[in-house]
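For reference, the structure discussed in these notes is given below.
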Amino acid sequence: MPEATFHFPTDFRWGTATAAHQVEGNNMNNDWWAWEQEEGRIKEGHRSGLACNWWERAEEDFDRAAELGQNAHRLSVEWSRIEPREGHFDDAALDRYRAILRALRERGIEPMVTLHHFTNPLWLAEMGGWENPRAVFFFERYVARVVEALGEFCDLWCTVNEPNVYVYMGYLAGVFPPGKKDFRAGMRAGRNLMRAHAVAYRRIHALQPGARVGFAHNLRIFDPANPRSPLDRWVAGLQDRSFNEAFLAAPTRGRWLFPLGWGFAWRLRRTLDWIGLNYYTRDLVAFDRHQPGAMFGRNFHAPDAEPLDGGYGELYPDGMERALKRLSYLGLPIYVTENGIPDADDDQRPRAIILHLHRLWRALQGCIPVMGYYHWTLVDNFEWAEGWTLRFGLIELDPETQARRYRPSAHLYRDICKGGAIAPEMIDRYAPDLRPVLLP
Ligand code: FCB
């Protein structure tokens with residue numbers, strides 16, 4: 001009997017994902033650049049600097065993506081380049097983005113464009129950022145300009161990246177700008193981001209009727225540390241509802257749920273054509289009455305699980321299938337808009353890729369409509385508050401010399417993308433220890 005090959009649909013989107021500030025370089029006009037200049041904000045004092053130099057030379061990495069068999073790429077446009085001063089739009093920046101999207105198309109790579117990926121123009125930050133309700137209006141105006149300029153090359157739009165992570169890191173943990181620890185301010189910002197999503201959804205459709213618009217949701221799995229403990233179950237459920245469910249209920253059912261708010265969010269209802277899943281890891285959660293600030297939870301990673309670089313979490317591929325099943329109840333097409341691991345020496349990534357894609361394949365067997373997978377990420381890039389300490393790239397980058405080197409994972413992912421399948425030979429070659437697990 002031939003050994004199992006895990007086939008994916010022929011029209012499946014195989015790609016990688018990036019974000020403007022992490023790859024472009026010299027994004028000096030946004031709140032992240034300012035944040036990087038402050039002492040103690042970024043690990044080891046790292047800065048984004050030239051990043052991957054995509055503003056000048058993205059095309060060279062697009063050649064690599066095409067060579068690696070990718071037919072899709074998710075990237076973001078940088079608001080502070082497009083609108084450097086409030087109400088002043090820079091046509092040269094929009095032209096550069098047109099060239100970038102054209103370059104992707106020429107290589108047979110379909111772009112998905114994210115409109116907000118963590119960074120804000122300095123002028124907006126100075127006006128109170130997303131706490132200011134006017135941010136919604138500003139965002140709509142900026143989005144309209146982008147869609148008018150780039151709509152020729154793109155009809156797949158991701159309004160906002162991970163509003164839950166943005167709020168958590170920027171307003172609760174205080175490790176992303178604006179660096180606050182202020183619950184109420186965070187929820188205001190969260191509501192405005194979700195309103196901005198809805199307003200952008202309508203505006204994009206008015207300008208481009210065939211557009212497909214969604215947002216990228218970071219779905220983290222929260223499991224009770226002791227499943228038999230009612231308190232652990234309660235606190236894991238509370239974290240799950242706050243981090244995961246509240247951000248999904250608003251743009252689908254039109255409901256504000258705690259902690260974003262209470263009651264109806266009529267204008268947000270049904271503002272998704274698809275949902276994006278950013279899946280990375282899971283937490284175990286134990287009840288701890290000494291942690292009111294953390295919703296009475298102590299979060300940690302399963303002690304027997306395989307840890308990831310830099311305390312990033314545990315390798316938990318089953319979470320991919322669980323997250324996809326959960327999102328399937330929304331009745332929307334799903335894109336895996338991000339998934340990957342930090343792994344500088346690439347000793348875990350090949351296995352991680354195979355395992356996560358195998359769980360995705362299983363979801364497809366259950367008729368869950370997963371349309372594509374964007375691996376995070378193509379080339380090592382500036383990892384926010386972790387600086388250059390975490391390396392997520394299929395391709396290794398030396399940010400000083402800009403030299404690139406393919407990691408073995410790049411070739412594994414190439415073989416999967418080109419063949420549209422995970423074949424036994426790939427498992428033997430890149431992750432032989434998985435043979436008994438996947439090919440018994
Ligand atoms: C996600 C972010 C992305 C990248 C990965 C590792 O939360 O959206 O920009 O930093 O994590």
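Just a few scattered comments:
- 20 °C / 1.002 mPa s Stokes-Einstein diffusion coefficient of segment 1-114, Kirkwood radius on C-alpha pairs, µm²/s: 134
- Extension gain, Ala294 back to Phe264 (0.36 nm per residue minus Cα-Cα distance, nm): 8.2 nm
- Viscosity 1.306 mPa s, 10 °C: Kirkwood-radius Stokes-Einstein D of segment 358-422 over Cα pairs, µm²/s: 116
- Each Lys and Arg Cβ is given +1 and each Asp and Glu Cβ -1; about its Cα centre, the chain then shows a dipole of about 1980 debye.
- Near-label residues of segment 305-324 by backbone N, under 19 Å of a point 7 Å along Cα→Cβ of Ala173: 307-316
- The separation of segment 115-180 from segment 242-270, counted between C-alpha centres, amounts to 19 Å.
- Sorted peptide list for 129-135, 55-61, criterion being average Cβ within 10 angstrom, highest first: 129-135, 55-61
- With helices as the sole contributors, the chain gives -11500 deg cm²/dmol at 222 nm; each DSSP H run of n ≥ 4 counts as -39500 (n - 2.57), and the sum is divided by every residue.
- Calculated FRET efficiency for the pair Asp428/Arg98, C-beta based, R₀ 56 Å, to 0.05: 0.80
- Solvent-free Debye calculation, one equal scatterer per alpha-carbon of the chain: log10 I(q)/I(0) at 0.09, 0.12 Å⁻¹ equals -0.54, -1.02.
- Shape of segment 210-348 from the C-alpha gyration tensor: oblate (a/c of 1.5 or more and a/b not above b/c, with a ≥ b ≥ c the square roots of its eigenvalues).
- Assuming charge only on the beta carbon of Lys and Arg (+1) and of Asp and Glu (-1), the dipole of segment 299-437 about its Cα centre is about 740 debye to the nearest 20.
- Rounded, prolate or oblate (a/c below 1.5 giving rounded, otherwise prolate when a/b exceeds b/c) for segment 270-311 by Cα gyration tensor: oblate
- Unit charges at the beta carbon, dipole of segment 16-147: most positive-side option, Asn27, Ala135, Val146: Val146
Just so you know, all these numbers are worked out from the coordinates, no wet-lab data involved. Everything quoted here is computed from the prediction, not taken from an experiment. Reconstructed Cβ throughout: ideal geometry from the backbone, glycine too, with neighbour counts over all protein chains shown.
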